[in-house]
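Peer 1: After the structure tokens below, expect a handful of questions from me.
The values are calculated or read from the model by the stated rules, or taken from the named source; none is laboratory data. Source: prediction; values computed, not measured. Cβ placement follows ideal geometry from the backbone for every residue including glycine, while neighbour counts extend to all protein chains displayed.
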Amino acid sequence: MKLTLQIKLLPTEEQAESLITTLKESNIVCNRISDIIWENKVFNQFKAHYLCYHDLKKSFRLSAQILVRCISKTVNAYKLDKKKKRFFKPLGAITYDSRILSYKGMIASLWTVDGRFKIPFVCHNSKYLPYVKGEADLVYKKGKFYLFQTVEIPEEDVKDVEEFIGVDFGVTNIATLSDGTNFSSETLNKVRDKHFKVRRSVQRKGTTGSRKLLKRLKGREQRFTAITNHTIAKQIVEKAKSLNVGIAIEDLTHIREKTTVRKAQRRKHHSWAFFQLRSFLEYKAKLVGVPLAIVDPRYTSKTCNMCKQIGDRNGKLFSCPSCGNIADADINAAKNIAQLGLSVTQPGKMNMFSPISHIYLERPAVSAAG
């Protein structure tokens, strides 16, 4: 499995200046390459290399390999369409490969216009460093340097399981498990409300200082959301692995287009990061060999998990007029999702459902991910 490892470089002042110079010169070269291939209408990398390489090699201090990477970066920028000329920011990211970047322990050795530097770094997931494979992007953001390194991690074989943990995604509770575990969104919503009020207050001023503040605050809410979803996904996968069960989740693709909410709830609804949580669950489960099934969400919150008849949902409460079952609506939905996960991976188990539930259980667009 390919993942991207975030590595924070810790350069000295001299090294930092050299890295900035390298970024600037590389992006100047990218703009020159863009001029050439735009004028000649040549968007093939091999032909662009023939047009650009030798003249640029003589005119700039870039090494042969970094120049090749600049040509590749520019050509790739035109892959989306060739109707508009591409321009590159002075401090835009540049790509390194194994010829101009290597690691030894917690030291990165990378090429700059002033020679090769050995720069210490910190990395949260340093256990993945032995699996480095492919290119890395050097990124300068808010005064700090990062390497976004591609790693290829071996996956464990997917285990055979007899049961699934159902995960019901929601706004009030980020995730509810079929065993009754809730991951509340209370803290996350407080952080979102705080940042929203600050942004609204600062944007109204419209001063130079307010714009600088907005730039400094940019991304904090997104990072907090990502950390929260990482934590939840990790706990769910660890629980599934320890219990030797699979994970079943809902396919909520296009859910925003299919549902309508009151105006007061729109901001909260549109900031619902269910897809990010799903993607985290998918790759974390795949890494440790936990099977993950993605099921059709239709009627999961309205069907009784006991008798499989359509019941009544009133807010957080579910009640079944057929068998008298009364339960938390999210837990009831999570249990249905767990049973659907088993039916997806083991179709022979379908007979546990009543004829009414067969109406929607037999026609979902279901996919299963390892």
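Peer 1: Restricting attention to the stretch 137-188, report how many residues are part of a loop (DSSP other than H, G, I, E, B) and of a type in the set (D, E, K, R).
Peer 2: Qualifying residue count, the stretch 137-188: 9.
Peer 1: Can you tell me which residues in the stretch 76-102 are without any contact (Cβ under 8 Å) to a residue 40 or more places away in the chain and in contact with a helix residue (DSSP H, G or I) (Cβ under 6 Å, 6 or more places away or on another chain)?
Peer 2: Result: 99, 100.
Peer 1: So which helices (runs of 4 or more DSSP H) stay within the stretch 213-315 end to end and still have 1 or more residues that are closer than 28 Å to residue 2 by Cβ, touching a Lys or Arg at 6+ places or on another chain (Cβ under 9 Å) and not assigned by TED's automatic domain parsing to the domain that holds residue 173?
Peer 2: Correct list: 220-243.
Peer 1: Let me confirm something: among 257, 238, 250, which residue is surrounded by fewer than 17 Cβ atoms within 10 Å (Cβ to Cβ), of a type in the set (Asp, Glu) and under 30 Å from residue 156 (Cβ atoms)?
Peer 2: Criteria check complete, one pass: 238.
Peer 1: How about the stretch 317-351: which of its residues are surrounded by 12 or more Cβ atoms within 10 Å (Cβ to Cβ) and either at pLDDT below 85 or of a type in the set (Ser, Thr, Tyr) (or both)?
Peer 2: Across the stretch 317-351, the qualifying residues are 319, 322, 342, 343, 344, 345, 346, 349, 350.
Peer 1: Would you check which residues across the stretch 55-66 are under 29 Å from residue 83 (Cβ atoms) and surrounded by fewer than 16 Cβ atoms within 10 Å (Cβ to Cβ) and list them?
Peer 2: 55, 59
Peer 1: Go through the stretch 1-17 and give me each residue that's crowded, with 17+ Cβ neighbours inside 10 Å and assigned to a helix (DSSP H, G or I).
Peer 2: Within the stretch 1-17, 15, 16 qualify.
Peer 1: I need every pair where a residue in the stretch 31-46 that is buried (at least 16 other Cβ atoms within 10 Å of the Cβ) has its Cβ under 6 Å from the Cβ of a residue that is among the polar types (S, T, N, Q), sequence separation at least 6 or different chains.
Peer 2: Correct list of pairs: 33/74; 34/74.
Peer 1: Considering each residue of the stretch 109-133, count those that are closer than 19 Å to residue 66 by Cα and in contact with an Asp or Glu (Cβ under 7 Å, 6 or more places away or on another chain), and give that number.
Peer 2: Of the residues in that region, 2 qualify.
Peer 1: Another one. What pairs come up if the first residue lies in the stretch 122-136 and is in the same structural domain as residue 6 (by TED's automatic domain parsing), the second is at pLDDT below 90 and not small (Gly, Ala, Ser), and their beta carbons are under 6 Å apart, counting only those six or more places apart or on different chains?
Peer 2: Taking only residues 6 or more apart or on different chains, the pairs are 131/153.
Peer 1: Considering only the stretch 44-62, state which residues are within 26 Å of residue 18 (Cβ to Cβ) and either out of contact with any helix residue (DSSP H, G or I) (no Cβ under 9 Å at 6 or more places or on another chain) or not assigned by TED's automatic domain parsing to the domain that holds residue 33 (or both).
Peer 2: 54, 58
Peer 1: Still on this structure, please answer the following. Scan the stretch 18-61 for residues that are outside any helix (DSSP H, G or I) and under 10 Å from residue 74 (Cα atoms) and jot them down.
Peer 2: 43
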